[in-house]
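In what follows, a single structure is set out as structure tokens and then discussed.
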Amino acid sequence: MSTVLVINSGSSSIKYKLLEPESGDALASGIVERIGEDSGRVAHTTGDGTTELTDPVPDHAEGLRRVLELFERAGPSLAEAGVVAVGHRVVQGGQRYDGPVVIDRAVEAEIDRLSPVAPLHNPPNLTGIRVARELLRDVPHVAVFDTAFFHDLPAAAATYALDREVAATYRVRRYGAHGTSHQYVSGRVSDLLGREDLRQVVLHLGNGASASAVVAGRAVETSMGLTPLEGLVMGTRTGDIDPAVTFHLARNAGMSVDEIDELYNKRSGLKGLTGQNDLREVWRLADDGDPQAALALEIYAHRIRKYVGAYAAAMGGIDALTFTAGVGENDARMRALAADGLAFLGIRVDPGRNASRGRGERVISPDGGGVTVLVVPTNEELEIARQTVSLL
Ligand code: AMP
């Protein structure tokens, strides 16, 4: 057996999964939460159940040390599981990386150099990499970038209409994000429908949300831009907004750049509109008659419809539309609302199929032509594990 340990290191958390890339089987998974806070938590799950530690976790190094202890205590033993590599999720790979890369000092330095264009993500990703390379020295570590799938976007889609020199000096362009998910899901759709030449739209609707347009396996558009702030309405992020709102707030509300950054990224989206970032809570409020929550749902679905229409235009048509991630996989009502009114493009959702409680990959459009609408659970960890071994 050969397995890959996949690590996704955030500012206050480390998520991990031990996978067998060939079969896709997960042997163990877990999370270290609230790193650096007064109360920490490590939860390690295997086929035999979950083991929890609740002592404070001072830093990432200590968090990962506890995870390694749990592997030895609760199993499976990493030595016996045949770990051949560690795969790291890295959000920003810039214009440099169009695929996975074995991490050495130079790669670490490049991930660090790209931090200004992913200030919330690359620094904690790099912390996780450094700690893991220190603690797991005997295997190669591979970085899989969230931007790589969008590395070769057509220039017309990737370039902002900004002064060329400024854009070049400060590396301003559309990099996209969630690429690992869009790549995995669009690949699955191709396999499921047995066609390589599809014009697809993939909607990754989770706490972060993004859309992509994929033609014959190649990404041609994506809604996230320089950073994951652009595009769809998200749990706490604005998505698309007139950049002049920033000037307006700076001049008239006396807000600093950092305050506006925090407002757009952490206090906007569904949370800004309703006080709740979880779409389930927003539905609950709307069902109880809250007009702001009802409006938030409309805004969320309206933004999705605009993107689907725009991407159909960019591709000259659409063959498949796929929902994935927390909302996309679980929220039948939002899927129906988002597809509502798109019948002119051939997009229809069958109410019975959409409402069925299945958890796996499934078609939710009616039989008999038109666009195939699907739900495909994303599996970023498996994609990272597979790309990791494909490199080695
Ligand atoms: P993710 O980022 O992919 O883990 O997705 C997390 C988000 O999915 C949560 O914040 C919820 O808004 C949403 N979600 C998860 N389950 C459901 C559900 N059954 N119905 C509606 N939304 C859901």
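A few notes on this one:
- Potential lengthening of the chain between TYR170 and GLU134 amounts to 9.7 nm, from the contour at 0.36 nm per residue minus the alpha-carbon distance.
- Model label points for SER23 and ALA79, set 7 angstrom from Cα along the Cα-to-Cβ axis, are 2.3 nm apart.
- In nm, spacing of pseudo-spin labels at MET255 and ASP98 (7 Å Cα→C-beta vector): 3.9 nm
- Relative contact order, percent, segment 28-136 [alpha-carbon distance under 8 Å, six or more residues apart]: 20 percent
- For peptides 202-208, 376-382, sequence by mean Cβ density within 10 Å, most packed first: 202-208, 376-382
- Based on protein heavy atoms only, the chain ends up with 45 Å² per residue of surface accessible to a 1.4 Å probe.
- Packing here is the average count of other Cβ atoms within 10 Å per residue, and on that basis the peptides 143-152, 285-294, highest first, run 143-152, 285-294.
- Stretching ASP152 away from THR51 to a fully extended chain increases their span by 32.1 nm, per 0.36 nm per residue minus the current alpha-carbon distance.
- Contour minus Cα-Cα distance for LEU68 and PHE247 (0.36 nm per residue): 59.7 nm
- Measuring against 27 Å, Cα to Cα, the residue pairs LYS266/LYS306; LYS17/LYS271; LYS15/LYS271 contain LYS17/LYS271 as the ones spanning a longer distance.
- Carbon/sulfur fraction of accessible area - the chain, other protein chains in place, 1.4 Å, %: 49 percent
- Cα centroid separation, segment 302-368 to segment 1-66 (Å): 33 Å
- Förster-model FRET efficiency, 41 Å R0, ALA343 and SER39, C-beta, rounded to 0.05: 0.20
The values are calculated or read from the model by the stated rules, or taken from the named source; none is laboratory data. Note that the structure is predicted; figures quoted are calculated from it, not measured. Heads up, the Cβs are rebuilt from the backbone with ideal geometry, glycines too, and the neighbour counts pull from every protein chain shown. Heavy atoms of the whole protein, side chains included, go into the accessibility calculation; ligands, DNA and RNA do not. Shrake-Rupley method; radii C 1.70, N 1.55, O 1.52, S 1.80 Å.
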